[in-house]
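Engineer: Starting off with a structure, shown below.
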Amino acid sequence: MKLPEAFISYTREMMGEKLFAAFMEGMRQTASVSVRLNPLKIRGGNIREEQTAEGIRAELTAEDIREELTAEGIREELGPEHVPWCRHGYYLQGRPHFTFDPLLHAGCYYVQEAASMFVDEVIRQHVHGPVVALDLCAAPGGKSTALLAALPTGSVLVSNEPIRQRAHILSENLQKWGHADVLVTNNMPSDIRQTGVIFDLILTDVPCSGEGMFRKDAEAIGEWSAQHVLACQRLQRDIVEEAWQCLRPGGLLIYSTCTFNLHEDEENILWAVETLGAEVLPMATLEEWHVTPSLSEQLKDCVCRFIPGITRGEGLFIAVLRKPEAADASLSLQKPQRKKEKHLRQREKNPKNDRASASSIMAWLSHPELFTLRENVDDISAIPTRWLSLYEQMSGLRILHAGVGMGTRRGKDLLPAQSLALSPHLNPAAFATCEIDLAQAMSYLRKESVVLPHSIPRGFVLLTYRGAVLGFVKNIGSRANNLYPQEWKIRSGYQPEGLCEIM
């Protein structure tokens, strides 16, 4: 690995010789591989926790998960090593071909580098009650899925990605994760500000120069320059200032980058303190985690740095800012745009006035009383009623997914949605099921034909693999139509030798 000379010179001076030598040694090492388990699906796709009256599951402890994995015969690749700052994170002993593991596509786990899982620890230290949260630059979804697993019961997350192609990847990953208390949007920060929604918590994992990805991504090295670093710094400040206007007084903003330099990290935090009146909150870490404190004397014990060679993970900088209770009136929110609201009232409506149709759709949910149906053109979603007003306030945005996607009208038919199949709120008695083997699962995920046993009834059928739901087919007798989303299908025809599962 050949790093830019300007980067080496600056980083050596910034870190000092001892820390820099450990960093360079870490950059020569192979990056670790880690996954974060989905607490809604860790037992073969079935919900391990008891469901409360509100339809929310109780939280698992790390010890619960360890016992669960042992009882379920976890595969050797997962190993015993727990990521210490994340309840559901585990280091792997190698790197399997994740694409060819059906349980990944079922949302049973998410592949995420270990340092980024520190969001779980941040939430546990600073968030102690239900919040309305925003992940502003969320694709591909690692930190959003971590937030959904960590936020207190009753919270709701708006997961946004400004870039359209990346936003669709984000939507896919969050639908696979299966949490109902989420909206996925594809908008610029200024669009979100104009809705008038005020958030209790905002995560800004801002675009950066990507120095923390040098070990894993050679392209990041080629794109680096001192000028690009300063351009990123300006963009990051614009994003934070926009987000700050959407944050309630007393609310929290989590700022993170995957880079090392002071310009995009400590300098931006000090800028937020001086310009926005932000308070930087301390973060406690354990000595055995080997987390590096701030490289600026002004921010000791208030920010965390994850540096390869020191901490087992990739590069990460993270800080938590609190907005003052008496916020500057000049940063107040703009009024929602009435023109957009009017447009959406015409476009979005309740499902067609057919009580039998609505009741039959709601029967697909295990607790339909917790949801309200909304229809946008031909797509029907079930929105948790307790945050329906938030959904309606944000309806002027480009919403890619909200709550539980229920189905799409196709002529006289209503095709059940993939989101429903992957949701823990699915009523398992609503559809016939068919357990399939690995070869059939891979055929299904490639959107190839799947042959069902003659004993399976006609109609919509849920396919499961090791108990985890993969999605729907429509059994018409002579064949089964594969309803897996075209844009989600595995395009590679390669099949590695042996199993690729980690669970």
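Engineer: Which residues, counting only those in segment 251-262, are touching a residue at least 60 places away in the same chain (Cβ under 8 Å) and open to solvent by less than 10 Å² (accessible area, probe 1.4 Å)?
Structural biologist: Matches in segment 251-262: GLY251, LEU253, ILE254, TYR255, SER256, THR257, PHE260, ASN261.
Engineer: Give the residue that is most open to solvent (accessible area, probe 1.4 Å), with candidates limited to residues of segment 263-310 that are under 25 Å from MET27 (Cβ atoms) and acidic (Asp, Glu).
Structural biologist: Top of the filtered list is GLU287.
Engineer: Out of SER492, SER443, SER423, SER455, which single residue is touching a Lys or Arg at 6+ places or on another chain (Cβ under 9 Å), hydroxyl-bearing (Ser, Thr, Tyr) and at negative phi?
Structural biologist: None of the other options fit; the residue is SER492.
Engineer: Still on this structure, please answer the following. What is the number of the single condition among (1) assigned to a helix (DSSP H, G or I); (2) in contact with a Cys (Cβ under 8 Å, 6 or more places away or on another chain) that SER190 does not meet?
Structural biologist: Going through the list (1) assigned to a helix (DSSP H, G or I); (2) in contact with a Cys (Cβ under 8 Å, 6 or more places away or on another chain), SER190 breaks only (2).
Engineer: Separate question: For segment 275-298, which residues satisfy the criterion of being more than 24 Å from GLN245 (Cβ to Cβ) and touching a strand residue (DSSP E or B) at 6+ places or on another chain (Cβ under 6 Å)?
Structural biologist: Hits for segment 275-298 are MET283, HIS290, VAL291, THR292, SER294.
Engineer: If you don't mind, there's one more thing I want to ask. Restricting attention to segment 83-93, which residues are closer than 22 Å to LEU438 by Cβ and either open to solvent by 30 Å² or more (accessible area, probe 1.4 Å) or assigned to a helix (DSSP H, G or I) (or both)?
Structural biologist: If the condition is that a residue be closer than 22 Å to LEU438 by Cβ and either open to solvent by 30 Å² or more (accessible area, probe 1.4 Å) or assigned to a helix (DSSP H, G or I) (or both), then GLN93 is the only one that fits.
Engineer: Could you please give the count of residues in segment 462-493 that are under 21 Å from the mean Cα position of the chain (by Cα), touching a residue at least 60 places away in the same chain (Cβ under 8 Å) and assigned to a strand (DSSP E or B)?
Structural biologist: 3
Engineer: Moving to a separate point now. Looking at (1) at pLDDT below 95; (2) part of a helix (DSSP H, G or I), find the lone condition where ARG234 falls short.
Structural biologist: It fails just one condition, (1).
Engineer: Additional query: Given the conditions (1) in a helix (DSSP H, G or I); (2) over 22 Å from LEU426 (Cα atoms); (3) open to solvent by 30 Å² or more (accessible area, probe 1.4 Å), and given that LYS216 satisfies all but one, which numbered condition is not satisfied?
Structural biologist: Here LYS216 clears every test but (1).
Engineer: Quick check, is PHE20 modelled with pLDDT of 95 or more, more than 22 Å from the chain's Cα centre (by Cα) and buried (at least 18 other Cβ atoms within 10 Å of the Cβ)?
Structural biologist: no
Engineer: Would you pick out the residues in segment 121-133 that are in contact with a helix residue (DSSP H, G or I) (Cβ under 7 Å, 6 or more places away or on another chain), within 22 Å of GLN245 (Cβ to Cβ) and not small (Gly, Ala, Ser)?
Structural biologist: If the condition is that a residue be in contact with a helix residue (DSSP H, G or I) (Cβ under 7 Å, 6 or more places away or on another chain), within 22 Å of GLN245 (Cβ to Cβ) and not small (Gly, Ala, Ser), then VAL132 is the only one that fits.
Engineer: Tell me, yes or no, whether segment 332-351 has at least one residue that is at pLDDT 85 or above and among the hydrophobic types (A, V, I, L, M, F, W, C).
Structural biologist: The answer is no; no qualifying residue exists.
Engineer: Okay, next question. I need a count of the residues in segment 263-290 that are in a loop (DSSP other than H, G, I, E, B) and without any contact (Cβ under 8 Å) to a residue 60 or more places away in the chain.
Structural biologist: 7
The values are calculated or read from the model by the stated rules, or taken from the named source; none is laboratory data. The model shown is predicted, which means the values in this text are computed figures rather than measured ones. When we count neighbours, we look across all protein chains shown, and the Cβ atoms used for this are built from the backbone with ideal geometry, even at glycine. Areas reflect the complete protein model, heavy atoms only, side chains present, ligands, DNA and RNA absent. Shrake-Rupley method; radii C 1.70, N 1.55, O 1.52, S 1.80 Å.
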